[in-house]
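Working notes for the structure below.
The values are calculated or read from the model by the stated rules, or taken from the named source; none is laboratory data. Quick caveat: nothing in here was measured; it's all calculated off a predicted structure. Don't worry about glycine lacking a Cβ; one is built from the backbone with ideal geometry, like all the others, and counts go over all protein chains shown.
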Amino acid sequence: MKYFKYKFVVYLKCKKYNYKYLSKSVLFERYNFLVNYYFKFVGKDKYMDISQKKAEQKRLRILGADEVENIYGRPCFSYEERCNYFFLSQPEKDSLNTLRSIKSKSYFVLQLGYFKAKHLFFIFDLNEVCEDLQYVLKQHFHNTKIIDMSSIDKYTRLKQQQMIRELFNYHICDAKIREQLELKARTAVAVCRGNGSIRVMYCKVYSII
């Protein structure tokens, strides 16, 4: 509401009121008038945008957009990386053989390779990853051609992700696990203020992560 208080003072000055000598009841009345006027004619959304921008400005930004994309974006493999990440172990081949179509199998190998690289899952159409797809088809499916280059359906994609998690013994972070992580984070991070700076001390938490 600091924004409104500032606007209120400006309003009083424009009306040539000496607001320092007005009674509290008059000030309260004028203040309510300004708030109602602002919400009615300017809109609540604009006020919310201003508040949101101020909150975002106070947040600590450690990584730039390029760094975030490098960490969380879908990987872009070189030929050597394709050879590494799209190589299949025997357990991975066994999981692959439970799938039917070449398209579904190719998507599985792609998801598996990206997961090995980033430990994340991505949604993509096959035409977005043509070079990776061509390598997978040549390496594992005798250069079979795929006509439909769209993504696979959601059910199949989630099923493949479950298969990959089981291969690497990963689990979905549900509400219970998030609560445990939050508790550990609160006890593991100590923020010390001194000399105009903030020093964050981290403890290694291996019991959950």
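Summary table
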read-out	value
Subset tally (residues that are modelled with pLDDT under 85, surrounded by 10 or more Cβ atoms within 10 Å (Cβ to Cβ) and outside any helix (DSSP H, G or I)) for the stretch 169-194	3
Any hit, the stretch 105-122, residues being more than 22 Å from CYS76 (Cβ to Cβ) and of a type outside the set (Val, Ile, Thr)	yes
The stretch 95-121 residues that are free of Cβ contacts under 8 Å to residues at least 40 places away in the same chain, paired with ones that are of a type in the set (Asp, Glu) (beta carbon under 8 Å, 6 or more apart)	LEU110/ASP132; GLY113/ASP132
Failed condition for ILE208, given (1) modelled with pLDDT of 50 or more; (2) surrounded by 10 or more Cβ atoms within 10 Å (Cβ to Cβ)	(1)
First in the stretch 134-145 and under 16 Å from PHE108 (Cβ atoms), second anywhere and of a type in the set (Lys, Arg) and modelled with pLDDT of 95 or more, Cβ under 6 Å, 6 or more apart	TYR135/ARG82
Residue count, the stretch 74-96 (criterion: touching an Asp or Glu at 6+ places or on another chain (Cβ under 7 Å) and assigned to a loop (DSSP other than H, G, I, E, B))	1
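Matching residues to (1) in contact with a Cys (Cβ under 8 Å, 6 or more places away or on another chain); (2) buried (at least 16 other Cβ atoms within 10 Å of the Cβ); (3) closer than 22 Å to HIS171 by Cα:
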site: LYS105; (1), (2), (3): no, yes, no
site: PHE108; (1), (2), (3): no, yes, yes
site: HIS119; (1), (2), (3): no, no, yes
site: GLN134; (1), (2), (3): no, no, no
site: LYS145; (1), (2), (3): no, no, no
site: SER150; (1), (2), (3): no, no, no
site: LYS154; (1), (2), (3): no, no, yes
